[in-house]
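The values are calculated or read from the model by the stated rules, or taken from the named source; none is laboratory data. Since this is a predicted model, take the numbers as computed values, not measurements. Quick reminder, even Gly has a Cβ in these numbers, built from the backbone with ideal geometry, and neighbours come from all protein chains shown. Each accessible area value is taken on the protein alone, full model and side chains, heavy atoms only, with ligands, DNA and RNA left out. Shrake-Rupley method; radii C 1.70, N 1.55, O 1.52, S 1.80 Å.
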Amino acid sequence: MKKKERQQKIIDEVSINRKVSSSFLAEKLDVSEDTIRRDIKELDEQALLTKVHGGAISTIQKLYHYNEDVIYNRENKVRIALKAIPLITDGMVIIMSGGTTNLMLAKLLPKNLKATIYTYSLPIAMQLTEHPLIETIFIGGKIHRSSMVTIGIDVIQYLSKLRVDIAFIGVSALSLKQGITDEGYEVSLIKKAMIDASQRAVFLATSNKLNTILNYDVCSFIEIDTIVTDVDPKNPEIKDYRDAGLNLV
């Protein structure tokens, strides 16, 4: 079987089954798993499917499904989500940024929670549809392919008209000197707009994001309301942040 034909069969199997394992494809197509892994890598680079741990999922499946095995730092993100949930009460209007920490928060929200949640993240919007009492409002715009969030002036203008109770904002980098920074200019502007639109901004940060600085400012240290992290607030590792007056959860 020629490579082109084999790769088309892989695409067909993924389209039919939504998710397939490398071992299943290797047996079905009578080739080694190494060959299948190389095929999946090439097809992923062409955006014809999405590579995940142990196999592949369809590109459509990516919109509403994350294989939790491939979420980096998953246990710490679960810990953060569980700490953040008590900050939410029935009837709140909320904004959620993108990222897998917020995705985990969306997944773990109580099924009986009544709230209105705005988001510009496709995976989070799809996850929220599994919560019957949450009204989910997706903020449209130009889609950033790798992170599956919308970006651009349309998103910023939409956020500028909102007034919400709380914003949950994923943190890419946090330092005492520079505050919160991000690697993307457009995303940094969107996060600034989220802060302006909310009565309270809550930042979700895994410990590996602490003491780091990226290229674009989101907010200064004194503008930070609350940080929810996977580290115990009394941990000596974050003593400097606590001493500086930061509200740590």
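The set of residues in the range 181-199 that are modelled with pLDDT under 95, charged (D, E, K, R) and more than 23 Å from N76 (Cα to Cα) contains only E186.
Every listed requirement among (1) open to solvent by 10 Å² or more (accessible area, probe 1.4 Å); (2) touching a Lys or Arg at 6+ places or on another chain (Cβ under 8 Å) is met by I137 save one, (2).
Could you look through the range 160-213, keep only residues that are farther than 16 Å from M96 by Cα and of a type in the set (V, I, T), and pick out the one that is surrounded by the most Cβ atoms within 10 Å (Cβ to Cβ)? So the residue we want is I180. Whenever a residue of the range 94-123 is at positive phi, its partners that are assigned to a strand (DSSP E or B) and open to solvent by 10 Å² or more (accessible area, probe 1.4 Å), lying with C-beta atoms within less than 6 angstrom and at least six residues away or across chains, give the pairs G99/G170.
Among all positions in the range 112-129, there is no residue which is buried (at least 20 other Cβ atoms within 10 Å of the Cβ), closer than 22 Å to S220 by Cα, of a type in the set (G, A, S) and touching a Ser or Thr at 6+ places or on another chain (Cβ under 9 Å).
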